[in-house]
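As structure tokens, the structure follows; a few thoughts come after it.
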Amino acid sequence: MQFVYPDVTLTVSQPHAAALLATVRDRLAQRQGFALATINLDHLVKLRGDASFRRAYAAQDLVVADGNPIVWLSRMARRPVQRVAGSDMVLPLARLAAQAGVPVALVGSTAAALSSAAVTLQAEVPGLQIPLTLAPAMGFDPDGPEAADILRQLDEAGIGLALLALGAPKQERLAARGRALAPQVGFASIGAGLDFLAGTQRRAPVWVQQIAMEWAWRMMTNPKRLIPRYWACLKLLPLEALRALRMR
């Protein structure tokens, strides 16, 4: 599945979770860095109006479909991919890191949330090493000096996997910069995944996820922030559907 813009073409390169985890396993074993992005409809809205975000996405080595609308669009284009939610990948990625014996860093959210998430991860994944938890200051700039310092710390600590919970587009831009400044680190942009583990945000029940209504659950929990976001997504969907049909 591809999304074409005047300056770049973005491809969902990993069609399902098994392919993603196999690729990450190989990268971690060989200590090869990577950047993983989880594209969704909100990202498509941001990508249309943000050239720096498009450049950051173009620098991602691995892209999966995070969100049912992306899956639906892929089917319309007859290039089907499966949903791979970033928050669902936190534990599987952590298990791969533990198996490979590489240390993990948690970046983003708040210090308290990262501490709680680290405790949960290490309880769920025996042998997992988490030597670094880094919560950037408010107003964090992925192109600024604080970001450079974070990437330096990751590189010097020999981190093999950095879970980024900064939100889009900051996490993807930091990962893209990290590919140059910390090339042995694997960066995984997982949004609210660490907050779910920490319990600072509550994920929709499994049955809500199964009927593809997680977006409605989230909107009801934070309507002021999410209603404008989802309205922008809804307005974009017909155009993306038309583009998908033209890909056939």
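The values are calculated or read from the model by the stated rules, or taken from the named source; none is laboratory data. Since the structure is predicted, the reported quantities are computational estimates derived from the model, not experimental observations. Here Cβ is always computed from backbone atoms with ideal geometry, including for glycine, and neighbour counts include all displayed protein chains. The accessibility values were calculated without ligands, DNA or RNA, using every heavy atom of the protein model including side chains. Shrake-Rupley method; radii C 1.70, N 1.55, O 1.52, S 1.80 Å.
Odds and ends about this structure:
- Within the stretch 162-184, residues that are touching a residue at least 24 places away in the same chain (Cβ under 8 Å) and under 19 Å from Leu47 (Cβ atoms) reach partners that are part of a loop (DSSP other than H, G, I, E, B) and open to solvent by 20 Å² or more (accessible area, probe 1.4 Å) with beta carbons closer than 6 Å, at six or more positions or on different chains, in the pairs Ala176/Ala59; Arg179/Ala59.
- In the set (1) over 16 Å from the mean Cα position of the chain (by Cα); (2) within 26 Å of Gln14 (Cα to Cα); (3) open to solvent by 10 Å² or more (accessible area, probe 1.4 Å), the condition left unmet by Asn68 is number (1).
- The set of residues in the stretch 139-176 that are crowded, with 20+ Cβ neighbours inside 10 Å and either of a type in the set (D, E, K, R) or more than 14 Å from the chain's Cα centre (by Cα) (or both) comprises Pro142, Ala147, Ile150, Leu151, Leu154, Ile159, Gly160, Lys170, Glu172, Arg173.
- Restricting the stretch 144-196 to residues that are modelled with pLDDT of 95 or more and among the acidic types (Asp, Glu), the residue that is nearest to Val63 (Cα to Cα) is Glu172.
- Every residue from the stretch 99-111 that is modelled with pLDDT of 95 or more and either in contact with a strand residue (DSSP E or B) (Cβ under 8 Å, 6 or more places away or on another chain) or of a type in the set (Asp, Glu) (or both): Val102, Pro103, Val104, Ala105, Leu106, Val107
- Any hit, the stretch 116-123, residues being open to solvent by 60 Å² or more (accessible area, probe 1.4 Å), within 20 Å of Arg202 (Cβ to Cβ) and modelled with pLDDT of 95 or more: yes
- Looking only at residues of the stretch 18-33 that are farther than 12 Å from Leu96 by Cβ and within 18 Å of the chain's Cα centre (by Cα), we find that the one that is most open to solvent (accessible area, probe 1.4 Å) is Ala18.
- Residues within the stretch 69-93 that are part of a helix (DSSP H, G or I) and either within 22 Å of Arg173 (Cα to Cα) or in contact with a strand residue (DSSP E or B) (Cβ under 6 Å, 6 or more places away or on another chain) (or both), tallied: 8
- Any chance Gly108 is over 22 Å from Ala123 (Cα atoms) and either in contact (Cβ under 8 Å) with a residue 40 or more places away in the chain or not hydroxyl-bearing (Ser, Thr, Tyr) (or both): no
- Near pairs, Cβ below 7 angstrom, 6+ apart or cross-chain, from the stretch 224-248 (assigned to a helix (DSSP H, G or I)) to any residue that is of a type outside the set (Gly, Ala, Ser) and open to solvent by 70 Å² or more (accessible area, probe 1.4 Å): Leu226/Arg218; Tyr230/Trp215
- Flag if Arg55 is within 19 Å of Ala175 (Cα to Cα), modelled with pLDDT of 95 or more and surrounded by fewer than 18 Cβ atoms within 10 Å (Cβ to Cβ): yes
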